[in-house]
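Okay, so here's the structure we're looking at.
What follows draws every value from the coordinates through simple rules; no lab data is involved. What you are looking at is a predicted structure, and each value in this text was computed from that prediction instead of being measured. In this analysis, Cβ positions are derived from the backbone assuming ideal geometry, glycine residues included, and neighbour counts consider all displayed protein chains.
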Amino acid sequence: MTDISKINPQIRVERPANDAASEALKRSGISGASFKTILDEQLAKNSPLVFSKHAQERVEQRGIALTEDLLSNLNSAVSKARDKGARDVVIIDARQAFIVNVPNNMVITTMADNEMRGNVFTNIDSAVIL
């Protein structure tokens, strides 16, 4: 591409301070997010909820029935929490609680209703009640 100011010095060409991609990011409200962060968030939105080995063991030990309806409700709750910017959430229904790491879309642990009473949940930034 030829610089027009070299051809005719009377014509002044001002270059925008930011390129089009930077402007698009500014308009979208995304600032300082790396491509990997954005990609991981988008992949997690479209991925099913995964249970860690620890959570799988707790589900078996505590006799928690993972029905299609419950899994659907958990996925919906995680989606809502993600939309609000949550990172670690406790999802509680009448019979059990699930601790979920939202960025990884992973259930970390779970507990039955009799274990929830008097329990303190730490390192949680959000809660969803089903």
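Remarks
- Net charge over other residues, Cβ less than 14 angstrom from the Cβ of residue 109 (K, R count +1; D, E count -1): -1
- Whole-Hz ³J(HN,Hα) from phi, Karplus 6.51 cos²θ - 1.76 cosθ + 1.60, for the range 59-64, glycine and proline x: 4, 5, 4, 9, x, 7
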